[in-house]
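Enquirer: Sending over a structure as structure tokens; questions will come in a sec.
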Amino acid sequence: MVLNAALLDLPVLPALEQEWQRRVRTDPQLLFDIHHAVGGPFHVIYPEQFARNLRSFQASLAGHGVRGQVYYGKKANKAGCWLPTIADLDGAVDVASEPELVHALAHGIRGRDIGVTGAAKTDALLRLAARHDCVVAIDALDELARIAEIARSAGPVRILLRRLPPSAPHSRFGLSAADLDTAITLCAQWQPQIELIGFSFHLDGYAVAPRAELAFDLIQLCAKTKAQGLPITTLSIGGGFACRYVGDDDWQAFLDHRRDDWFHAGKRFEKFYPYAQEPTGADMLDAILRTSFDGRTLASHLRDNDIQLFIEPGRALLIDAGFTVFPVLGFKQNADYGITTVHGLSMSVSEQWKGSEFLLDPILVPRRTDPAAQPIASCVGGASCMEYDVLTWRKVPLPQRPAHGDLLLYPNTAGYQMDKNESEFHQLPLPPKVVVTHQEGRFLWRLDR
Ligand SMILES: *Cc1c(COP(=O)(O)O)cnc(C)c1O
């Protein structure tokens, strides 16, 4: 869909919208009440959607008769509200720091349902993990030696050995084939303090085939290692489950008609996140499990070898589970498009941080709708004094001129956009996260803890 000539033939990228978000944003009071209470910008998060996303992954595993566990990649959004939801649904959490681990424990996740990943980990994190029976993905030989030392006093520790992906030889994560061999030999010697339960990997990108292929290779390694007497039970294929934010036609139109003058101040971007892809979420897990090797599906290889499958989705558990609201401070018209300035910083929409742009059309929530309003095009700037503090360089269509006191909503920001790059620059407080729940026909809200 492309707008009329008066708006510079701007492409539009309307977010696919869940019913809960439509109802919250069209409520005549709710967002303005929250803004009144918190003052500045804020994030709205909806744990019920997270629960739906988690159940769909669990249903996919169950549908294939594959035992396993879904670990939430916690770095994708640090809110506390997801954690009791995970605990209630018997899910698990993947962490990479002591505060993340402690936060998960404090909100009811059992240590045995916490996975610890990341490059070289601190001794304190390894000790905490060992004492709470977490599963630790070991990234290097020296780390294996350190956790073996820690396990002498902290008790037996369950570990996975993380494989350096052969398809990504320059990755700084995981063990090479040679180091993996050495590590397995050491794990055999260091039993029972070191309990090698299996292997793991995490791949960049969102493709099915490389995940299925590396999984199949590691199933062979699991079988071989089990035959050597090690207590192998598990394969973890990491995260990176694809997500969809916009319709295929809108995305294709954007890619096909993209022009450099669509962006404020001649700004150019090399690449964007793929906002429309297929398969996504649990359907992508299905596709991985259905991939065939030697005439049988990956799922049947897992079942036959009695291996449970761990997955670690971050973004895909958060899809459709939150949005971000910035109060409008002002608007001015330039030659052919406007500049909207909001109360808040571009660091609160983290995609900007990666030299990219969060592309979904922001949605204007006007305090008053103007029946005679003309649509306008605008970029969106932040409240700091830096020229490059821009939330949206793209000239986006808005149904009317934004005015001080209106709200500007960025849809579908829960995955990575909310806190990955947030900053108190200018001594501006971090935008709070507001948890919305639906009870007896109305929405309640509270601050996340
Ligand atoms: C970041 C990360 C994840 C989550 O990745 P998503 O792309 O959000 O699904 C899972 N596992 C590991 C080891 C990670 O580093």
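Enquirer: What's the number of the condition A154 fails, among (1) over 23 Å from the mean Cα position of the chain (by Cα); (2) at pLDDT 95 or above?
Expert: Just one mismatch for A154, condition (2).
Enquirer: Pairs needed: first member in segment 65-76, free of Cβ contacts under 8 Å to residues at least 60 places away in the same chain and under 19 Å from H103 (Cβ atoms); second member anywhere, of a type in the set (A, V, I, L, M, F, W, C) and surrounded by fewer than 24 Cβ atoms within 10 Å (Cβ to Cβ); C-beta distance under 6 Å; at least 6 residues apart or different chains.
Expert: Nothing qualifies.
Enquirer: OK, next. May I ask you to list the residues in segment 57-77 that are part of a helix (DSSP H, G or I) and under 30 Å from T413 (Cβ atoms)?
Expert: F57, Q58, A59, S60, L61, K74, K75, A76
Enquirer: Among the candidates L444, L359, L430, single out the residue that is in a strand (DSSP E or B) and of a type in the set (A, V, I, L, M).
Expert: Of L444, L359, L430, the one residue that is in a strand (DSSP E or B) and of a type in the set (A, V, I, L, M) is L444.
Enquirer: Quick check, is L235 touching a residue at least 40 places away in the same chain (Cβ under 8 Å), part of a helix (DSSP H, G or I), hydrophobic (A, V, I, L, M, F, W, C) and buried (at least 17 other Cβ atoms within 10 Å of the Cβ)?
Expert: no
Enquirer: Among the residues of segment 346-356, which ones are surrounded by 18 or more Cβ atoms within 10 Å (Cβ to Cβ) and either modelled with pLDDT of 95 or more or more than 13 Å from G381 (Cα to Cα) (or both)?
Expert: Across segment 346-356, the qualifying residues are S350, E351.
Enquirer: Going through segment 207-251 one residue at a time, which ones are farther than 18 Å from A316 by Cα and within 16 Å of the ligand (Cβ to nearest atom)?
Expert: Answer for segment 207-251, where residues must be farther than 18 Å from A316 by Cα and within 16 Å of the ligand (Cβ to nearest atom): P210, L214, A215, L218, T234, L235.
Enquirer: Now, a different point. What single numbered condition from (1) within 16 Å of the ligand (Cβ to nearest atom); (2) surrounded by 17 or more Cβ atoms within 10 Å (Cβ to Cβ) fails to hold for H103?
Expert: (1)
Enquirer: With the condition kept exactly as written, say whether any residue in segment 174-192 is within 16 Å of the ligand (Cβ to nearest atom) and outside any strand (DSSP E or B).
Expert: Within segment 174-192 (the criterion being within 16 Å of the ligand (Cβ to nearest atom) and outside any strand (DSSP E or B)), the answer is yes, since at least one residue qualifies.
Enquirer: More than 16 Å from the ligand (Cβ to nearest atom), modelled with pLDDT under 95 and either surrounded by 21 or more Cβ atoms within 10 Å (Cβ to Cβ) or outside any loop (DSSP other than H, G, I, E, B) (or both), is that true of L255?
Expert: yes
Enquirer: Quick one: how many residues across segment 380-416 are part of a loop (DSSP other than H, G, I, E, B), buried (at least 22 other Cβ atoms within 10 Å of the Cβ) and of a type in the set (D, E, K, R)?
Expert: Residues flagged as part of a loop (DSSP other than H, G, I, E, B), buried (at least 22 other Cβ atoms within 10 Å of the Cβ) and of a type in the set (D, E, K, R) within segment 380-416 amount to 1.
Enquirer: Also, I was wondering about something else. Out of (1) assigned to a strand (DSSP E or B); (2) more than 21 Å from I237 (Cα to Cα), what's the single condition that is false for A137?
Expert: Result: A137 passes all but (2).
Enquirer: Let me ask something else. Which ones in segment 327-356 are assigned to a loop (DSSP other than H, G, I, E, B), touching a residue at least 60 places away in the same chain (Cβ under 8 Å) and either within 16 Å of the ligand (Cβ to nearest atom) or out of contact with any Asp or Glu (no Cβ under 8 Å at 6 or more places or on another chain) (or both)?
Expert: The initial filter retains those residues of segment 327-356 that are assigned to a loop (DSSP other than H, G, I, E, B), namely 334-337, 343-345, 349, 355-356.
Filter once more, so that each one left must be touching a residue at least 60 places away in the same chain (Cβ under 8 Å): 336-337, 343-345, 349, 355-356.
Those that are assigned to a loop (DSSP other than H, G, I, E, B), touching a residue at least 60 places away in the same chain (Cβ under 8 Å) and either within 16 Å of the ligand (Cβ to nearest atom) or out of contact with any Asp or Glu (no Cβ under 8 Å at 6 or more places or on another chain) (or both): D336, Y337, H343, G344, V349, S356.
Enquirer: What helices (runs of 4 or more DSSP H), lying completely within segment 271-326, carry at least 3 residues that are within 16 Å of the ligand (Cβ to nearest atom)?
Expert: Where helices (runs of 4 or more DSSP H) fall fully within segment 271-326 and carry at least 3 residues being within 16 Å of the ligand (Cβ to nearest atom), they are 281-290, 315-318.
Enquirer: Could you list all residues from segment 109-123 that are loosely packed, with under 13 Cβ neighbours inside 10 Å, part of a loop (DSSP other than H, G, I, E, B) and away from the ligand (no atom under 16 Å from the Cβ)?
Expert: The answer is T122, and nothing else.
Enquirer: Sticking with this structure for a sec: Determine, yes or no, whether G381 is farther than 27 Å from G415 by Cβ and over 20 Å from the mean Cα position of the chain (by Cα).
Expert: In short, no.
The values are calculated or read from the model by the stated rules, or taken from the named source; none is laboratory data. Since the model is a prediction, treat every value here as computed from it, not as a measurement. Methodologically, a virtual Cβ is constructed for each residue, glycine included, from the backbone with ideal geometry; neighbour enumeration extends over all protein chains shown.
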